[in-house]
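Have a look at the structure below before the remarks.
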Amino acid sequence: MAFILKKAAISALVALGLFFLMIGIRTEAGSSGQLIYWTRFGELAAMVGAVFAGSIVIELLRRWIGPVGGVELPAGVRATFATLGRLLAPALLIFALLVPVIFYKERYLLDLGILVLTYVMLGWGLNIVVGLAGLLDLGYVAFYAVGAYSYALLAQSPLPLPHLVDGFPFVAFSMEQLGPWAFWVLLPVSGLLAALWGVILGFPVLRLRGDYLAIVTLAFGEIIRLVILNWQDLTGGPNGISGIPRPTVFGIPLTPGEHGFAAMIGVPFSPTHRLVFLFYLILALALLTNWATIRLRRLPIGRAWEAMREDEVACRALGINITTTKLSAFAIGAMFGGFAGAFFATRQGFISPESFTFQESALVLAIVVLGGMGSQLGVALAAIAMIGGFELFRGLDQFRMLVFGGVMVLLMIWRPRGLIGHRAPTVFLQKRTEISSSLVKEGHG
Amino acid sequence: MSAAATPLLAIRGLRAAYGKIEALKGVDLDIATGEIVALIGANGAGKSTLMMSIFGRPRARAGHILFGGRDITALPAHEVARLRIAQSPEGRRIFPRMSVAENLQMGADATPGSAAERAMSLERVLKLFPRLEERMAQRGGTLSGGEQQMLAIGRALMSRPRLLLLDEPSLGLAPLITRQIFAAIRALNREDGLTVLIVEQNANHALRLAHRGYVMVNGLITMSGGGMELLQRPEIRAAYLEGGRRA
Ligand SMILES: Nc1ncnc2c1ncn2[C@@H]1O[C@H](COP(=O)(O)OP(=O)(O)O)[C@@H](O)[C@H]1O
Ligand SMILES: [Mg+2]
């Protein structure tokens with residue numbers, strides 16, 4: 001305890017030294033250029049006090065949950081924590097399902113929920129590439145953009161496929177004929193196009209690892225954005241694309257009027273319906289990503305991703321095909337990014353290159369790293385914490401990034417492996433009699 | 001046993017290099033079906049390079065690698081593995097965050113095989129290394145060095161190989177563990193008829209175990225002969241036994 005107090009006192013002292021001039025004395029140029037200054041010792045004292053208290057809290061927390069041994073919690077407490085941990089994921093899911101019911105009247109919260117879930121989905125998608133396959137991808141936003149623009153362009157531009165062959169009906173088909181089904185038809189198309197771009201990115205970086213891979217993927221993200229920005233004829237350049245078709249409840253539009261969804265089910269129309277629908281839509285998409293990841297981890301391809309993250313040389317020695325393993329990770333990760341992009345486009349009704357900057361890639365990557373590189377629950381928690389935290393600190397304006405950075409640093413000190421660093425194994429076997437069923441089930445080459 | 005008419009593995013005039021550094025300068029080596037062959041040599045002689053070039057990295061610049069009479073020199077690693085050549089690489093290289101069971105499964109994933117065959121290989125591995133069975137759910141990285149080596153060999157065996165390549169399985173292990181591992185290799189050879197190429201710096205154990213041995217110096221085979229016969233030669237005793245690991 002004495003040690004903690006001493007450490008806190010030292011931190012407070014450093015803070016005093018640092019902040020004395022920064023906060024304690026405020027200067028400004030007066031009307032005739034003279035120096036005006038006044039003291040703010042009250043704020044200074046508050047700041048130093050906060051550092052002192054914060055330091056104690058940090059130190060205590062570090063001892064509790066820190067990576068270095070520290071205080072052992074009693075067995076009972078630990079068991080309780082373990083149970084809580086196991087219940088956390090189902091509880092979160094139930095809560096998510098109930099959000100539109102509980103917060104039906106709070107449009108702002110519904111919107112925020114949709115935003116959080118979008119990032120949960122992006123986090124889960126990038127998690128396949130970074131968390132499972134260990135490929136540091138700094139350009140994930142590219143696939144988000146490809147998905148969004150694929151949907152926007154295909155759905156909205158008249159784009160009648162040219163009459164290549166006279167009289168062949170299929171070729172005369174126009175996307176506009178999709179009508180209310182545009183989103184549902186084009187969602188998979190957008191995902192597939194993004195996956196294709198994942199493979200296109202994957203090929204040149206097959207031999208790259210670590211920092212080099214990071215730089216090339218970063219450049220790739222920027223290139224996609226710049227192409228979108230400059231290809232004005234197609235993408236509208238900086239003006240973006242507006243009037244993107246909104247989603248329909250499987251063909252039934254969420255509009256007022258007799259053909260709208262509200263009229264169909266016989267309730268008065270409300271714009272909130274669309275929000276609720278979007279909420280469940282992105283929840284379903286995110287859960288699809290999660291389900292696919294969990295399934296893939298149990299298949300040879302998913303195991304190969306994780307093994308490649310652990311040791312690429314060993315994989316080669318075992319005869320794992322590194323090329324297909326890498327390309328499939330890029331492609332599948334990109335596909336979910338593309339789905340999220342199509343969702344983003346249909347939700348906003350308007351997209352422009354501004355939504356697809358490097359900052360988005362960095363944010364999604366931060367979510368994955370913070371979540372624990374591979375943990376599904378961790379990524380979800382990190383997305384909630386980061387996006388929610390961003391909203392929480394909205395009032396802080398320019399300090400928002402500072403707080404964000406500080407929290408990241410602190411979290412990485414306490415939990416260097418991320419919020420949930422634990423990795424659940426996917427192959428279980430204890431006794432020889434169980435082998436044939438559990439070990440071998442899905443191992444048909 | 002001597003090299004039969006068509007050896008299982010035949011290496012002919014193999015040359016391989018890392019950039020300008022030539023690591024293999026024309027190597028000839030034969031392994032007959034059912035044989036244990038030891039390849040010994042000092043650190044940096046090119047032993048690991050030879051093993052890895054069978055898996056295509058580094059690629060051969062000249063010469064041929066024939067497996068069962070088929071030229072596999074240009075095959076990519078995953079196709080070499082499908083021919084059921086398995087490898088326990090230098091430094092073991094197990095997957096540290098994956099469980100023992102997952103590590104073993106990884107060995108089985110790359111080659112085709114029925115569920116029953118997989119179950120049989122697993123049973124065989126666990127019979128050879130009963131310690132692994134107790135540690136199935138443990139993470140690979142938390143195993144002791146000896147257990148990691150057992151896991152690396154077990155993982156290679158999961159593909160039911162026709163030829164097993166072992167790179168320095170005794171590296172950094174206590175003598176007792178080394179003996180256990182060598183006993184397991186002998187059992188695999190005697191009971192299952194498995195063909196083994198074992199690379200070692202420490203010639204004593206390896207040559208006692210092997211039917212035949214090759215000595216490699218600076219990317220060239222300088223001597224070959226029966227295991228015990230090589231062990232008797234004074235130049236081998238001087239270079240690879242008493243003095244230990246002199247370069
Ligand atoms: N990845 C590599 N890049 C460059 N040179 C290498 C590489 N691996 C090995 N070498 C060189 O090739 C030669 C043979 O190495 P190696 O096959 O590992 O020897 P050994 O296994 O007999 O100790 C050495 O001179 C070594 O420095
Ligand atoms: Mg070596």
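The values are calculated or read from the model by the stated rules, or taken from the named source; none is laboratory data. Source: prediction; values computed, not measured. Positions of Cβ are backbone-derived with ideal geometry, glycine not excepted, and every protein chain shown enters the neighbour counts. Only protein heavy atoms, including side chains, enter the accessible area calculation; ligands, DNA and RNA are left aside. Shrake-Rupley method; radii C 1.70, N 1.55, O 1.52, S 1.80 Å.
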Taking the protein assembly as shown, the lysine pairs whose C-alpha atoms sit under 28 Å apart (8 or more places apart or on different chains) add up to 6
Once all protein chains are kept in place, A:ASP111 shows an accessible area at probe 1.4 Å, nearest 10 Å², of 60 Å²
For the stretch A:258-311, whose charge dipole is built from +1 on Lys and Arg Cβ atoms and -1 on Asp and Glu Cβ atoms, the candidate among A:LEU287, A:ILE301, A:ALA262 with its Cα farthest towards the positive end is A:ILE301
For chain A, the longest principal axis of the Cα atoms and the Cα long axis of helix A:300-310 enclose an angle in degrees, to the nearest 10, of 30 degrees
In the stretch A:2-65 the accessible area split gives carbon plus sulfur, as whole percent at 1.4 Å, a share of 73 percent
What helix-only [θ] at 222 nm does chain A give? Using -39500 (n - 2.57) per DSSP H run of at least 4, over all residues, to the nearest 500, the answer is -21500 deg cm²/dmol
With Cα coordinates, the longest principal axis of chain A makes an angle with the long axis of helix A:107-127, in degrees rounded to 10, of 80 degrees
Stokes-Einstein, Kirkwood over Cα pairs, the stretch A:2-65, 4 °C, 1.567 mPa s; D in µm²/s equals 98 µm²/s
Semi-axes a, b, c in Å (a largest) for the stretch A:89-436, each sqrt of 5 times a Cα gyration tensor eigenvalue, come to 33, 26, 22
Sorting A:PHE19, A:PHE336 on solvent-accessible surface, 1.4 Å probe, most exposed first, gives A:PHE19, A:PHE336
SASA check, A:ARG316, accessible area w/ 1.4 Å probe, all protein chains in place, rounded to nearest 10 Å², comes out at 50 Å²
A correct Stokes-Einstein calculation for chain B, using the alpha-carbon Kirkwood radius, 25 °C and 0.890 mPa s, returns a whole-number D in µm² s⁻¹ of 135 µm²/s
Carbon plus sulfur, as percent of the 1.4 Å-probe accessible area of the stretch A:89-436, comes to 70 percent
Computed over the stretch A:2-65, protein heavy atoms only, probe 1.4 angstrom, the accessible area per residue in square angstrom equals 68 Å²
Zone reached by a paramagnetic label modelled 7 Å from A:ALA50 Cα along Cα→Cβ, restricted to the stretch A:1-44 with backbone N below 18 Å, covers A:8-9, A:11-26, A:40-44
In chain B the DSSP beta bridges are antiparallel at a rate, in percent to nearest 5, of 55 percent
Note: B:113-124 gets an average of partner chain Cβ contacts (10 Å, Cβ to Cβ) equal to 4
Within 10 Å of the Cβ of an average residue in B:129-139, the count of other chain Cβ atoms is 2
Counting only protein heavy atoms and rolling a 1.4 Å probe, one gets per residue an accessible area for the stretch A:89-436 in Å² of 45 Å²
In order over the stretch B:94-104: 3J(HN,Hα) from phi, Karplus 6.51/-1.76/1.60, θ = phi - 60°, whole Hz, x for each Gly or Pro, gives 7, 8, x, 8, 9, 6, 4, 4, 5, 4, 5
Rounded to one decimal in nm, the spacing of the 7 Å Cα→Cβ label points at A:TRP38 and A:TRP414 is 3.8 nm
Of A:SER150, A:SER328, A:SER31, the most mobile residue in a GNM of chain A (C-alpha springs, cutoff 10 Å) is A:SER31
Here the FRET efficiency for A:LEU18 versus B:ASN218, based on Cβ atoms and R0 = 56 Å and rounded to 0.05, is 0.35
antiparallel share of DSSP beta bridges within the protein assembly as shown, to nearest 5, in %, is 65 percent
With 0.36 nm assigned to each residue of separation and the Cα-Cα distance removed, A:ALA9 to A:PHE399 gains 137.9 nm
Shape descriptors of the stretch A:311-363 over alpha-carbon atoms, Rg and Dmax in angstrom, are 16.5, 50
Here the relative contact order (percent) of chain A, from C-alpha pairs under 8 Å and at least 6 apart, is 23 percent
For the stretch A:2-65, averaging the sequence separation of alpha carbon pairs under 8 Å that lie six or more residues apart and dividing by its residue count, the contact order in percent is 42 percent
The equivalent-ellipsoid semi-axes of the stretch B:180-235, taken as the square roots of five times the Cα gyration tensor eigenvalues and listed largest first in whole Å, are 21, 12, 10
Rounded to whole angstroms and listed largest first, the alpha-carbon spread of the stretch B:112-247 along its three principal axes comes to 49, 29, 24
Taking only protein heavy atoms and a 1.4 Å probe, the highest-to-lowest accessible-area order of A:TRP305, A:TRP291, A:TRP197, A:TRP414 is A:TRP291, A:TRP197, A:TRP414, A:TRP305
Restricting to Cα pairs under 8 Å and 6 or more apart, the percent relative contact order of chain B works out to 27 percent
Interface residues of the stretch B:37-86, defined as losing at least 50 Å² of accessible area versus the chain alone with a 1.4 Å probe, are B:ARG57, B:HIS78
So the carbon and sulfur contribution to the accessible area of chain B, 1.4 Å probe, in percent, is 52 percent
Of B:202-210, B:111-119, ordering from highest average Cβ density within 10 Å down gives B:202-210, B:111-119
Nearest 10, in degrees from 0 to 90: the angle of helix B:145-157 to the longest Cα principal axis of chain B is 90 degrees
Regression test value, accessible area per residue of the stretch B:113-247, probe 1.4 Å, units Å², expected 41 Å²
Rounded to the nearest 10 Å², the 1.4 Å probe accessible area of B:TYR214 is 20 Å²
When B and A pair up, the total accessible heavy-atom area removed from solvent (1.4 Å probe), in Å² to nearest 100, is 3400 Å²
A:THR27 and B:ASN43 label points (each 7 Å along its Cα→Cβ direction) are spaced in nm at 6.1 nm
Over chain B, the sum of -39500 (n - 2.57) across DSSP H runs of at least four, divided by residue number and rounded to 500 deg cm²/dmol, gives at 222 nm -10000 deg cm²/dmol
Ordering A:367-378, A:274-285 by per-residue average of other C-beta atoms within 10 angstrom, highest first, gives A:367-378, A:274-285
Shielding of B:90-99 by other chains, given as the mean Cβ count within 10 Å, works out to 6
Highest mean packing first, using Cβ neighbours within 10 angstrom, the peptides B:82-88, B:28-34 sort as B:82-88, B:28-34
Expressed in nanometres to one decimal, the distance between label points 7 Å along Cα→Cβ at A:LEU92 and B:ASP71 is 5.6 nm
Expressed in Å to one decimal, the Kirkwood Rh of the protein assembly as shown from all distinct alpha-carbon pairs is 29.4 Å
Computed from the beta carbon distance with a Förster radius of 30 Å, FRET efficiency for A:GLU391 and A:THR324 to the nearest 0.05 stands at 0.15
